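K.L.:
Below you'll find the structure I mean.
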Amino acid sequence: MNIELQVLGSSLLSIAEEMGAVLIRSAFSANIKERRDCSTALFDERGRMIAQAEHIPVHLGALPDAVAAVMRHDPRPDDVFVLNDPYAGGTHLPDVTLVSRTEVGFAVTRAHHADVGGAEPGSMPAGSRTLADEGVVIPPTRLDDDLLAGLIARMRNPEERRGDFRAQLAAHALAERRVAELCDRRGRDRVVAAMNELFDYSERVVRAAIARLPNGRFEAEDVLEAPEGELPITATVTIGSHEIAFDFAGTAPQHGGNLNCPLAVTRSACYFVVRCLTAPDLPSSGGAFAPVTVSAPEGSLVNAQPPAAVAAGNVETSGRIVDTLFAALGEALPVPAQGQGTMNNLTFGNERFTYYETLGGGQGACPDADGPSAVHVTMSNTLTTPAEALELAYPLRVERHELRLGSGGAGRHTGGDGVVRELRALEPCRLSVISERRRQAPRGARGGEPGDPGHNYVNDEELPSKATRDLEAGDVVRIETPGGGGFSSPTPSATPSRDSS
């Protein structure tokens, strides 16, 4: 890229990053201000993503669908649109998206709100069967003070909700101002030209990288742990000379529970895999997605139709899609062993408070390195709430948070270890757990051993991978997250490559 394009590209990226900083620093809930469960991006006038902050993969790859949904409503310059409908550009209901106009396109924020109404505090019920069970469904709608007040009135903890919405609005005000300043400094036509070239440049780089991959057709299958049994995800990956196609024919029909994915989330998982395989350090823009096509049967687990529930599809099924695609490509490429394969979603709440977190675990080992421990893998990229911040804000106490030593799979390179996290409830509340890899362990690669599966407990009573129950004051919830798979068979004389002392 030439120097001027580098400068303008960096300027647009810095605006997206500054939007994220404003949102995080202004938010009220720990889920956004501490865990950073939010994403920001800039789009051009054609609805193409041009710059994104390095936030949450499952959010970012699905944002183009949200902007397309808003554009169908002919947004005016001063409009801010709000949506969370998974079948109209959203992912799952707690992820609330705002879209506003800038001088050269659109600014977008997506943030996971700690409650959006619904049957259970926190709006992540383990047993939901329709969207109505999961909270307030917001189609693309112009946001004004009256609508905002009406939405907040239907959600728990209204002051926290209001604070998080206003943090998103502050990020949009910042974006409008910064884009206008950039156009004043560089000229609007030059900014628009740069946005076009950034999109085209990303597409050229990814197509060139795909051309270096082995051509062919590769298949794999993996499963999700539904309460009634395993649900298969079947994927075929076809790599051509300059494009890559994903087909999910053979995947299970959409689920009666909430493991369903809208197609936007499935596309997002596919985009993540392509970025990992081709140009992971490329400045992010929608051009990187242009060489990718995704097809999935309507009414399947990965292309669900309304009113199917989707709370777990966004957080759990998305990761399993990634695992399945990497398993298929492992026939031809040295991809890592499977990581923990779950976000370990944990929600506490009552009518007074709601708290949501996801937990890290073991990453799969690579062909040339051990897997890291206690990290979020694939479609998540959040932090852990510090114990001090959690205990200050909520009636919960962190009793234990440590590595689950030895949970990574053995191999020439060892999988990363999971974590053990114990939280004590200090007042009666409801608990919801949505997790995976409790019955099915993360697989090793090329002869490596699987990682240990995870476990969920309340007062030493083991819970299934999806569970909702009442907690009394003093009850202790313990989550043991999975380890990552090992890579390659260890030599007979080899000792584990990670120092586990």
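Please treat every number below as a calculation from the coordinates, not as lab data. Not measured: the values here are computed from a predicted model. Here the Cβ positions follow ideal geometry from the backbone for every residue, glycine too, while neighbour counts run over all protein chains shown.
K.L.:
So between residue 166 and residue 228, what do we pick up on full extension, going 0.36 nm a residue minus the alpha carbon distance?
P.N.:
Between residue 166 and residue 228, full extension yields 18.2 nm more.
K.L.:
Starting with the fewest neighbours, write out 242, 112 ranked by other beta-carbon atoms found within 10 Å of each beta-carbon.
P.N.:
The order, fewest Cβ neighbours first, is 242, 112.
K.L.:
What is the ratio of the Cα radius of gyration of the chain to 2.2 N^0.38 Å, with N the residue count, to two decimals? Don't skip to the answer; put the middle values down first.
P.N.:
Values: Rg = 21.9 Å, N = 501, 2.2 N^0.38 = 23.4 Å.
Cα-based Rg divided by the globular estimate yields 0.94.
K.L.:
Ordered by residue, what ³J(HN,Hα) values in Hz, to whole numbers, does region 130-143 give under the Karplus form 6.51 cos²θ - 1.76 cosθ + 1.60, where θ = phi - 60° and Gly and Pro are x?
P.N.:
9, 4, 4, 5, 9, x, 6, 9, 10, x, x, 9, 5, 9
K.L.:
Check which residues have an amide H placed less than 5 Å from residue 489's amide H, if you skip close sequence neighbours.
P.N.:
Distant-sequence amide H within range of residue 489: 412, 448.
K.L.:
I would also like to ask the following. Using a Förster distance of 22 Å, how high is the FRET efficiency between residue 211 and residue 3, based on the Cβ-Cβ distance and rounded to 0.05?
P.N.:
0.20
K.L.:
With θ taken as phi - 60° and the coefficients 6.51, -1.76 and 1.60, list the Karplus ³J(HN,Hα) couplings across region 437-448 in order, rounded to whole Hz; mark glycine and proline as x.
P.N.:
Each residue of region 437-448 in turn: 6, 9, 9, 10, 6, x, 7, x, 10, 6, x, x Hz.
K.L.:
Further question on the same structure: Over what distance in Å are the Cα centres of region 211-230 and region 1-20 separated?
P.N.:
Centre-to-centre distance over Cα atoms comes out at 36 Å.
K.L.:
At 20 Å minimum axial length over the Cα atoms and a Kyte-Doolittle cut of 0.5, report the qualifying DSSP H helices in the chain, or say none.
P.N.:
3-26, 263-277
K.L.:
Here's another thing I want to ask about it. For residue 282 and residue 159 in one chain, what is 0.36 nm times their gap in residues minus the Cα-Cα distance, to one decimal in nm? Mind showing how you got there, number by number?
P.N.:
On the way: separation 123, 0.36 × 123 = 44.28 nm, distance 3.95 nm.
So the extension gain works out to 40.3 nm.
K.L.:
Using only alpha-carbon positions, what ratio does the radius of gyration of region 3-202 give when scaled by 2.2 N^0.38 Å?
P.N.:
In units of the globular-protein estimate, region 3-202 measures up at 1.00.
K.L.:
Report D for region 311-422 in µm² per second (integer): Stokes-Einstein, Kirkwood Rh on Cα pairs, 37 °C, 0.692 mPa s.
P.N.:
It diffuses with D of about 215 µm²/s by this estimate.
K.L.:
Kindly identify region 85-239 as rounded, prolate or oblate by the Cα gyration tensor criterion: order the square roots of the eigenvalues as a ≥ b ≥ c, call it rounded if a/c is under 1.5, otherwise compare a/b with b/c, prolate if a/b is larger, else oblate.
P.N.:
Numbers: a/c = 3.37, a/b = 1.03, b/c = 3.26.
Taking the square roots of the gyration eigenvalues as a ≥ b ≥ c, region 85-239 is oblate.
K.L.:
Counting each pair of different Cα atoms once, what's the Kirkwood radius of region 354-501 in Å, rounded to one decimal?
P.N.:
For region 354-501, inverting the mean 1/r across all distinct Cα pairs yields 15.9 Å.
K.L.:
Here is a follow-up. Please report the spacing between the Cα centers of region 329-369 and region 25-73 in Å, no decimals.
P.N.:
Here the two parts' Cα centres lie 21 Å apart.
K.L.:
Here's a follow-up. Go through region 116-129 residue by residue and turn each phi into a ³J(HN,Hα) via Karplus (6.51, -1.76, 1.60, θ = phi - 60°); whole Hz please, and just put x for glycine and proline.
P.N.:
Each residue's phi maps through the Karplus curve to give 9, x, x, 6, 10, x, x, 6, 10, x, 6, x, 5, 10 Hz.
K.L.:
Note down the relative contact order for the chain as a percent, whole number, built from C-alpha pairs under 8 angstrom at least six residues apart.
P.N.:
Computed over the chain, the figure is 14 percent.
K.L.:
State the Kirkwood hydrodynamic radius of region 225-380 in Å, one decimal place, computed from all pairs of distinct Cα atoms.
P.N.:
In region 225-380 this quantity evaluates to 16.6 Å.
K.L.:
Fully extended, how many nm does the chain gain between residue 491 and residue 462 (0.36 nm per residue separation, minus their Cα-Cα distance)?
P.N.:
Extra length available between residue 491 and residue 462 comes to 6.8 nm.
K.L.:
Nearest 0.05, what FRET efficiency do residue 177 and residue 392 give at R0 = 30 Å with Cβ-Cβ as r?
P.N.:
Step by step, r from the Cβ atoms, then E = 0.35.
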